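Undergrad: What follows is a structure written as structure tokens; I'll ask about it next.
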Amino acid sequence: MSRHREEISAMLARKLRAFEEFRSLTGQLRAALESDETETVSRCVERREALMRDVEGLDRRIARQRRSAPADECAAINRVVEEASGELGEKLELIVAADRDCAALAAQRQAAFRNELAAIRKQRVGLHGYAQRAPGTPKFLNVQT
């Protein structure tokens, strides 16, 4: 096996592991959204962003390796990429479905928070309910008395 093909295979394996971790994190994110665990939500979102950056870097490196490979290795490299693409595509479909669920849950939570805030505003609870307006100061003061 050539050096280029070996390196591309290794990077595709890393990409597959990143996809699997991303899918797992998306499941954790969904559970955290359902149970309203904001710290876990934040941690999952940050890790998912890091994985996205890693995958983008792997994609750039794979493209660079493919461009720099000798012409006689291109067919073998294309087979390796094609074989990995099927498995990556399946993982990606699972990730997209789970991500849609997370987006729907987040939208529901946002709507619930918006409704709660509107109800609080209508009840005049909070700063508006506690702080009464002070009477206005007179515009002209009578300093002679």
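The values are calculated or read from the model by the stated rules, or taken from the named source; none is laboratory data. Computed from a prediction, not measured in an experiment: that's the story for all the values here. Cβ: placed from backbone, ideal geometry, glycine included. Neighbour counts: every protein chain shown. Please note that ligands, DNA and RNA were not included when accessible areas were found on the heavy atoms of the full protein model with its side chains. Shrake-Rupley method; radii C 1.70, N 1.55, O 1.52, S 1.80 Å.
Undergrad: Report yes if some residue within segment 44-51 is surrounded by 12 or more Cβ atoms within 10 Å (Cβ to Cβ), touching a Gly at 6+ places or on another chain (Cβ under 7 Å), in contact (Cβ under 8 Å) with a residue 12 or more places away in the chain and under 30 Å from Met11 (Cβ atoms); otherwise report no.
TA: No: segment 44-51 contains no residue that is surrounded by 12 or more Cβ atoms within 10 Å (Cβ to Cβ), touching a Gly at 6+ places or on another chain (Cβ under 7 Å), in contact (Cβ under 8 Å) with a residue 12 or more places away in the chain and under 30 Å from Met11 (Cβ atoms).
Undergrad: Right, another one. Condition (residue is within 30 Å of Phe113 (Cβ to Cβ), among the acidic types (Asp, Glu), open to solvent by 30 Å² or more (accessible area, probe 1.4 Å) and at pLDDT 90 or above) applied to segment 1-12: is it met by at least one residue? Walk me through it before giving the result.
TA: Initial filter on segment 1-12 (within 30 Å of Phe113 (Cβ to Cβ)): none.
So far as segment 1-12 goes, no, none of its residues is within 30 Å of Phe113 (Cβ to Cβ), among the acidic types (Asp, Glu), open to solvent by 30 Å² or more (accessible area, probe 1.4 Å) and at pLDDT 90 or above.
Undergrad: Out of (1) open to solvent by 60 Å² or more (accessible area, probe 1.4 Å); (2) on the phi < 0 side of the Ramachandran plot; (3) within 28 Å of the chain's Cα centre (by Cα), the odd one out for Ala31 is which?
TA: (1)
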